[in-house]
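Have a look at the structure below before the remarks.
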Amino acid sequence: MALTLLRGIRTQALFRANAGLFCTTRLSPLARFTTRVESVQTTNPKTAPKSIQQAAKEAAEQKMQGFEAVIGIETHVQLSTITKAFCSCPYDYGSQPNSTVCPTCMGHPGTLPVLNAKVVECAVKLALALNCEISMTSKFDRKQYFYPDLPKGYQISQFDIPIADKGYIDLDLPVEFGGGHRRFGVTRVHMEEDAGKLLHSESGNYSQVDLNRAGVPLLEIVSEPDMRTGIEAAEYGAEVQRLVRYLGVGNGNMQEGSLRCDVNVSVRPIGQSEFGTKVEIKNMNSFNEISRAIDYEISRQIHLHKESQADQIVQETRLWDESSQKTFTMRKKEGLADYRYFPEPDLAEVVLTSEYIDEIRNSLPELPEAKRRRYENMGLSMQDVIFLANDDNVAHFFDSTLEHGADAKLAANWIMGDMTAYLKDEKLSIHESKLTPLELSEMIASIKNGTISGKIAKEIADPGAIGAMVDKVLADNPKQLKQYRAGKTKLQGYFAGQVMKASKGKASPVLLNKILGEKLKGN
Amino acid sequence: MLSAAASAIPRLRCAAPPRQASSRTQWSLLWRRPLSSSPNVAPAAAAASGPGALEPPDLPRLAKSARISLSPQEAEEFAPKIQQVVDCSLELALYDIENKPEREGLRKKDNSLMNYLHTAVGSSLREDKAEPFANRDAIIEALPSYDDPYIKVPRVLNSE
């Protein structure tokens, strides 16, 4: 900050010196800068430049027209246990329909559910990561309704005594949306089972059911209505996904359906304490869609308020349509559902001991929030912090590199820049990369003490990879190879050029010529 | 069609053995609320009118929710029997377990039901180990309507 001010002052002085005639102002040249200093000092030096952030905030406020939105999210996380929740059927996404089924998950008479111990473990893990209070005893209930994908006619869930409640989640909003830290409450976490899949045929008056997914364990996370914008809601969803992946309890893929979010949106005039009518939105398949659907719904509701048609906002379920970028009413249901909850008589209470919980607490990995704070304290920018902590594998690679003594900022730059680009090109994930953390840290050290230049470090120095490319070039150019053998040794340059081309200019020239020489001699 | 089943419901004796206070208190607190989660039942009214004074079961509505067809005559026959079940459950829930001395010997008795209900984590749970069901063909055969590889169902499940 000081640097910019200094620069500003210098140019101003220069301007005055060169353009004396144009200097009409009577004010001291520093007066303009005094006010700027005052306002700059009040902002957090780590966030985006004040003018952009302030402008974005003002634009958002203007759009809201005196209203604020109240948003809550219900998230269903499919657990990646080997077997289903209440029977020993395996579950694999993409299996042949109706192949991973048994009488229990198909709801045949006389079958009984038996709870999978791993489900309880995953529930406790996630509840601890969400800072919840864990219920030492909880129970299952039957949620009864009729639908073709619900074989038993009821879903085994937890109604009034869930396994965990009263938690919260900490996250950082992306820098490009203004950044900032947020804490959102988590009302409850409970265990339940998934239903099968229902497919509607295009023509005809029948539908098709695949019960592979029936009985797969789910954790339902209900948030407090603490979110206020589409971005906050999307980031909440992303943080839940991050947690689920960090803990290894699920793969959190929205596209696959292993992470599903239903959103509740209402608006109210700023200052009003009562909530407005809430509308549920379904059918969002990515975090971007969640953000856009919420923003659309907020403006739809504000618009109705402004047109004095607030009574047009009814408590209903709307579907997000990605193609038209709008929400639409679902078929109007007949009245509210009566689920006739009662305690599941076929299942015992889930009783936990403090030793069990402590054991799980001690086995938790470092969570994203803790990582972000640790990286922030290293002096990395928020953008770097958010990137590195986003994927557990990347964070682990980064930490390993630091363990070998590399400088944090340099390691971050390498990982975020060249490594990420390379991995994307080669379609690899970071733990498949041939460059190990130790090698990266050594490379950084070499650059730092001047042994090699940054440019050289970017070269491919893997003899195996170069050797393979050389073999291919030689195989692709038999005519030239024959000529070389006949005595035209200058062709070595030609081959070298071809290999360089194949490696997109990245092969180390020294290593290339060495390997090429050996291979040409050898053959 | 349900009269045969109806007459088979035994008379329930409402005296229950005293239970360990632990988590039972939580459950008995539950029962003080209306049994149905339906918004139609006003919780305040039901609780205020004192024990045993829940509104009588609305049998036609119950039957509709459960998708069971009942003739008016069957509904009339069933109503008092269901009322009996409700009354008995209430009596169980209101049974005073707070002021009874804790009976240490209860757990050690060979009362399999008690052992089943008071299990710690690990005993009524199963290991996360796959055991694919061996006789899938029998399941497929038992399906009323199969459209390989899917189960064929009516498009909409109305109460009609």
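The values are calculated or read from the model by the stated rules, or taken from the named source; none is laboratory data. As the structure is a computational prediction, the values presented were derived from the model and not from experiment. In this analysis, Cβ positions are derived from the backbone assuming ideal geometry, glycine residues included, and neighbour counts consider all displayed protein chains. To get the accessible areas, we keep the full protein, side chains included, count just its heavy atoms, and leave off ligands, DNA and RNA. Shrake-Rupley method; radii C 1.70, N 1.55, O 1.52, S 1.80 Å.
Only one of (1) polar (S, T, N, Q); (2) surrounded by fewer than 19 Cβ atoms within 10 Å (Cβ to Cβ); (3) within 11 Å of chain B (Cβ to nearest Cβ) fails for A:S135. Which number is that?
Answer for A:S135: the failing condition is (2).
Is it the case that A:I386 is away from chain B (no Cβ under 14 Å) and touching a residue at least 40 places away in the same chain (Cβ under 8 Å)? Steps first, answer last, please.
Values: away from chain B (no Cβ under 14 Å): yes; touching a residue at least 40 places away in the same chain (Cβ under 8 Å): yes.
So A:I386 fits the description; yes.
Answer yes or no: is there a residue in segment A:159-166 that is under 30 Å from B:P154 (Cβ atoms) and not polar (S, T, N, Q).
Within segment A:159-166, the subset under 30 Å from B:P154 (Cβ atoms) is A:159.
Filter again for not polar (S, T, N, Q), leaving A:159.
Yes.
Return a yes/no flag: does segment B:52-61 have any residue that is at pLDDT 90 or above, part of a loop (DSSP other than H, G, I, E, B) and surrounded by 14 or more Cβ atoms within 10 Å (Cβ to Cβ).
no
What number goes with the only condition from (1) open to solvent by 10 Å² or more (accessible area, probe 1.4 Å); (2) within 23 Å of the chain's Cα centre (by Cα); (3) more than 14 Å from A:V70 (Cα to Cα) that A:D295 does not pass?
(3)
When only residues in segment A:92-114 that are in contact with a Gly (Cβ under 8 Å, 6 or more places away or on another chain) and surrounded by 22 or more Cβ atoms within 10 Å (Cβ to Cβ) count, which is farthest from A:A337 (Cα to Cα)?
Only one residue fits best here, namely A:T104.
Open to solvent by 20 Å² or more (accessible area, probe 1.4 Å) and either part of a strand (DSSP E or B) or among the charged types (D, E, K, R) (or both): is that true of A:L198 in this structure?
yes
Looking at A:D210 and the list (1) more than 11 Å from chain B (Cβ to nearest Cβ); (2) out of contact with any helix residue (DSSP H, G or I) (no Cβ under 9 Å at 6 or more places or on another chain), which single condition is not satisfied?
The number of the failed condition is (1).
Out of segment A:159-195, which residues are within 11 Å of chain B (Cβ to nearest Cβ) and open to solvent by 40 Å² or more (accessible area, probe 1.4 Å)?
Let us first name the residues in segment A:159-195 that are within 11 Å of chain B (Cβ to nearest Cβ), namely A:159-161.
Listed by number, the residues that qualify are A:F159, A:D160.
So the check is Cβ under 8 Å with 6+ separation or different chains; which pairs have a first residue in segment A:73-91 that's facing another protein chain (nearest Cβ under 7 Å) and outside any loop (DSSP other than H, G, I, E, B) and a second one that's among the hydrophobic types (A, V, I, L, M, F, W, C) and open to solvent by 30 Å² or more (accessible area, probe 1.4 Å)?
Here the result reads A:T83/B:A130; A:P90/A:I82; A:P90/B:A130, each pair linking segment A:73-91 to a residue that is among the hydrophobic types (A, V, I, L, M, F, W, C) and open to solvent by 30 Å² or more (accessible area, probe 1.4 Å).
Quick one: A:A406 ticks every box in (1) open to solvent by 50 Å² or more (accessible area, probe 1.4 Å); (2) outside any helix (DSSP H, G or I) bar one, so which box is it?
With respect to (1) open to solvent by 50 Å² or more (accessible area, probe 1.4 Å); (2) outside any helix (DSSP H, G or I), A:A406 is out only on (1).
Tell me, please, whether a residue that is within 13 Å of another protein chain (Cβ to nearest Cβ), at pLDDT 95 or above and in a loop (DSSP other than H, G, I, E, B) can be found in segment A:224-233.
Among the residues of segment A:224-233, not one is within 13 Å of another protein chain (Cβ to nearest Cβ), at pLDDT 95 or above and in a loop (DSSP other than H, G, I, E, B), which makes the answer no.
Could you figure out which of (1) within 30 Å of B:S145 (Cβ to Cβ); (2) within 13 Å of chain B (Cβ to nearest Cβ); (3) open to solvent by less than 20 Å² (accessible area, probe 1.4 Å) isn't true of A:I156?
(2)
Of everything in segment A:234-276, what is of a type in the set (K, R), under 15 Å from the mean Cα position of the chain (by Cα) and in a strand (DSSP E or B)? Give them in sequence order.
A:R260
For A:A412, are the conditions met, namely being part of a helix (DSSP H, G or I), at pLDDT 80 or above and surrounded by fewer than 16 Cβ atoms within 10 Å (Cβ to Cβ)?
Against the criterion (part of a helix (DSSP H, G or I), at pLDDT 80 or above and surrounded by fewer than 16 Cβ atoms within 10 Å (Cβ to Cβ)), A:A412 does not qualify.
Scan segment A:57-67 and tell me whether some residue there is open to solvent by less than 50 Å² (accessible area, probe 1.4 Å), within 27 Å of B:A138 (Cβ to Cβ) and not small (G, A, S).
No, because not a single residue in segment A:57-67 is open to solvent by less than 50 Å² (accessible area, probe 1.4 Å), within 27 Å of B:A138 (Cβ to Cβ) and not small (G, A, S).
When the residues of segment A:115-132 are filtered to those that are assigned to a loop (DSSP other than H, G, I, E, B) and without any contact (Cβ under 8 Å) to a residue 60 or more places away in the chain, which remaining residue is most open to solvent (accessible area, probe 1.4 Å)?
The qualifying residue most open to solvent (accessible area, probe 1.4 Å) is A:N131.
Please state which one of B:A134, B:A93, B:A138 is modelled with pLDDT of 90 or more, within 14 Å of chain A (Cβ to nearest Cβ) and open to solvent by less than 50 Å² (accessible area, probe 1.4 Å). Lay out the reasoning, then the answer.
Details: B:A134 fails: open to solvent by less than 50 Å² (accessible area, probe 1.4 Å); B:A93 fails: modelled with pLDDT of 90 or more.
Unique residue meeting the criteria: B:A138.
Restricting to segment A:472-514, and then to whatever is of a type in the set (F, W, Y) and touching a residue at least 24 places away in the same chain (Cβ under 8 Å), can you tell me which residue is nearest to A:Y422 (Cα to Cα)?
We begin by selecting, within segment A:472-514, every residue of a type in the set (F, W, Y); these are A:484, A:494-495.
So of that shortlist, the ones also touching a residue at least 24 places away in the same chain (Cβ under 8 Å) come out as A:484, A:495.
Details: A:Y484: 34, A:F495: 24 Å.
Looking at the filtered set, the residue picked out is A:F495.
For the list (1) assigned to a loop (DSSP other than H, G, I, E, B); (2) touching a residue at least 60 places away in the same chain (Cβ under 8 Å), I need the number of the one condition that A:C102 fails.
Going through (1) assigned to a loop (DSSP other than H, G, I, E, B); (2) touching a residue at least 60 places away in the same chain (Cβ under 8 Å) one by one, A:C102 breaks only (2).
Name the pairs whose Cβ atoms lie under 8 Å apart, with the first residue in segment A:342-361 and facing chain B (nearest Cβ under 8 Å) and part of a helix (DSSP H, G or I), the second surrounded by 16 or more Cβ atoms within 10 Å (Cβ to Cβ) and not aromatic (F, W, Y), and 6 or more positions between them or separate chains?
A:Y356/A:V124; A:Y356/B:V121
State whether one or more residues within segment A:314-326 are in a loop (DSSP other than H, G, I, E, B), closer than 26 Å to B:A66 by Cα and touching a strand residue (DSSP E or B) at 6+ places or on another chain (Cβ under 8 Å). Let's see the steps before the verdict.
Step one: of segment A:314-326, the residues in a loop (DSSP other than H, G, I, E, B) are A:314-316, A:322-325.
Restricting the remaining residues to those that are closer than 26 Å to B:A66 by Cα gives A:315-316.
So of that shortlist, the ones also touching a strand residue (DSSP E or B) at 6+ places or on another chain (Cβ under 8 Å) come out as A:315-316.
So far as segment A:314-326 goes, yes, one or more of its residues are in a loop (DSSP other than H, G, I, E, B), closer than 26 Å to B:A66 by Cα and touching a strand residue (DSSP E or B) at 6+ places or on another chain (Cβ under 8 Å).
One line per residue, one yes/no per condition, for (1) modelled with pLDDT under 95; (2) open to solvent by 10 Å² or more (accessible area, probe 1.4 Å); (3) touching a Cys at 6+ places or on another chain (Cβ under 7 Å):
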position: A:L218; (1), (2), (3): no, no, no
position: A:I221; (1), (2), (3): no, no, no
position: A:E239; (1), (2), (3): no, no, no
position: A:R242; (1), (2), (3): no, yes, no
position: A:N251; (1), (2), (3): yes, yes, no
position: A:G257; (1), (2), (3): yes, yes, no
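Select from segment B:70-83 the residues that are open to solvent by 70 Å² or more (accessible area, probe 1.4 Å) and within 14 Å of chain A (Cβ to nearest Cβ) and list them in ascending order.
Within segment B:70-83, none qualify.
List the number of the failed condition for A:L304; all other conditions in (1) within 21 Å of the chain's Cα centre (by Cα); (2) over 22 Å from A:T187 (Cβ atoms); (3) outside any loop (DSSP other than H, G, I, E, B) hold.
Against the list (1) within 21 Å of the chain's Cα centre (by Cα); (2) over 22 Å from A:T187 (Cβ atoms); (3) outside any loop (DSSP other than H, G, I, E, B), A:L304 comes up short only on (1).
If you check A:V70 against the conditions, is it in contact with a strand residue (DSSP E or B) (Cβ under 9 Å, 6 or more places away or on another chain), buried (at least 21 other Cβ atoms within 10 Å of the Cβ), away from chain B (no Cβ under 11 Å) and not polar (S, T, N, Q)?
Answer is no for this residue.
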